[in-house]
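Below you'll find the structure, written out as structure tokens, and then a few comments.
The values are calculated or read from the model by the stated rules, or taken from the named source; none is laboratory data. Note that this is a predicted model, so its numbers are computed, not measured. Cβ: placed from backbone, ideal geometry, glycine included. Neighbour counts: every protein chain shown. Heads up: the accessible areas ignore ligands, DNA and RNA and are worked out on the full protein's heavy atoms, side chains in. Shrake-Rupley method; radii C 1.70, N 1.55, O 1.52, S 1.80 Å.
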Amino acid sequence: MQPSATPSGSPAGPSSGPRYDERLTAPRSWWVITALVALSGGLLLLPLGAVPMLGGLIVAGALAATAVSSYGSARIRVVAGSLVAGDARIPVSALGEAEVLDAEEARAWRSHKADPRAYMLLRSYVPTAVRVTVTDPEDPTPYVYVSTRDPRALVAALDAVRTV
């Protein structure tokens, strides 16, 4: 699913719908692996008969699908004056400048430039990201790192909320 931004002509105050909404879904290759895990579960129980094999197939497939779906369902939104990234809800007023990170910069901020105190919603299968500094003096988090497929739209949504 692609990110969606509210059209610039529509009024979008703090109480209106989201200015930005993106769901980071798992790639198709992960679902192929899920099917292979289900098949493995079935083959593992094949020597016990057809019914246990079917049970193994269903249980292994359900467990693998649940794991892939829960990990891959991270949601990023800019709504009601806040950045909602996964479980975190951060008021835009507590955020500073947002920086668009290309694939190379995003990799650097995920590895050697990373601060362990930062809040990171990262997904390895999404190459680009946004890094937003946290300006709240009472918050020890230096920045928020969010993997996103459309970093420019996310930064534009944050800037639009900041200027309202």
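So here's what we get for this one:
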read-out: For the chain, share of DSSP beta bridges that run antiparallel, in % to the nearest 5; value: 90
read-out: Among Ala67, Leu24, Gly81 - extreme Cα towards positive end, dipole of the chain, charges at beta-carbon; value: Ala67
read-out: Heavy-atom surface of segment 33-74, accessible at 1.4 Å and reported per residue (Å²); value: 61
read-out: Residue-averaged 222 nm ellipticity for the chain, from DSSP H runs of 4+ at -39500 (n - 2.57), nearest 500; value: -12000 deg cm²/dmol
read-out: For Ala74, residues with placed amide H under 5 Å, excluding near neighbours; value: Leu24
read-out: J(HN,Hα) series, segment 107-123, from Karplus relation 6.51 cos²θ - 1.76 cosθ + 1.60, nearest Hz, glycine and proline x; value: 4, 5, 6, 7, 10, 6, 8, 5, 9, x, 7, 6, 8, 10, 9, 10, 10
read-out: Estimated vicinal HN-Hα couplings, Hz - segment 61-66 in sequence order (Karplus 6.51, -1.76, 1.60; Gly, Pro = x); value: x, 5, 5, 5, 5, 5
read-out: Base-10 log of normalised Debye intensity for segment 21-99 (one unit scatterer per alpha-carbon) at q = 0.12, 0.25 Å⁻¹; value: -0.52, -1.03
read-out: More than 13 Å apart - percent of Cα-Cα pairs taken over segment 105-155; value: 55
read-out: Rounded to 10°, Cα long-axis angle of helix 28-44 versus longest principal axis of the chain; value: 30
read-out: Principal axis dimensions, the chain - Cα atoms, whole angstrom, descending; value: 65, 39, 28
